[in-house]
Amino acid sequence: IQADGTDGNCVTFVLHDEDHTLGNSLRYMVMKNPDVEFCGYCITHPSESKINFRIQTRGALPAVEPFRKGLNDLMAVCQHVLSTFERSMKEYRAQR
């Protein structure tokens with residue numbers, strides 16, 4: 001991850017080897033934060049596997065904070081989905 005920005009509350013993070021799967025999910029999680037004024041991403045080129053992920057916050061909150069929180073929240077959601085799936089598969093196999 002590279003972070004570019006002259007101001008700490010408006011930063012573009014460059015995520016390598018990523019695409020819309022992470023970009024859109026992470027954007028959703030970051031935008032749930034009321035201190036985030038803008039959050040968006042773009043794919044630099046269809047043949048490149050990197051995204052530019054931009055966050056702009058209100059006030060003095062550094063943009064890296066909602067970025068970290070968004071990543072952690074997304075990981076928690078993915079872990080919940082995985083554990084629910086595994087539990088359901090275990091129950092299904094026990095019924096057979």
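Nothing in this text is a laboratory measurement; each read-out follows from the coordinates by a stated rule. The structure presented is a predicted model; accordingly, all values stated were derived computationally and were not measured. All Cβ positions, even for glycine, are placed from backbone atoms using ideal geometry, and neighbour counts span all protein chains on display.
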- Note on the structure: Turns out the strands (runs of 3 or more DSSP E) fully within the chain with at least 1 residues that are in contact with a Pro (Cβ under 7 Å, 6 or more places away or on another chain) and surrounded by 11 or more Cβ atoms within 10 Å (Cβ to Cβ) are 36-43, 50-57
- Note on the structure: By residue number, the members of region 28-39 that are touching a residue at least 12 places away in the same chain (Cβ under 8 Å) and more than 14 Å from Thr57 (Cβ to Cβ) are Met29
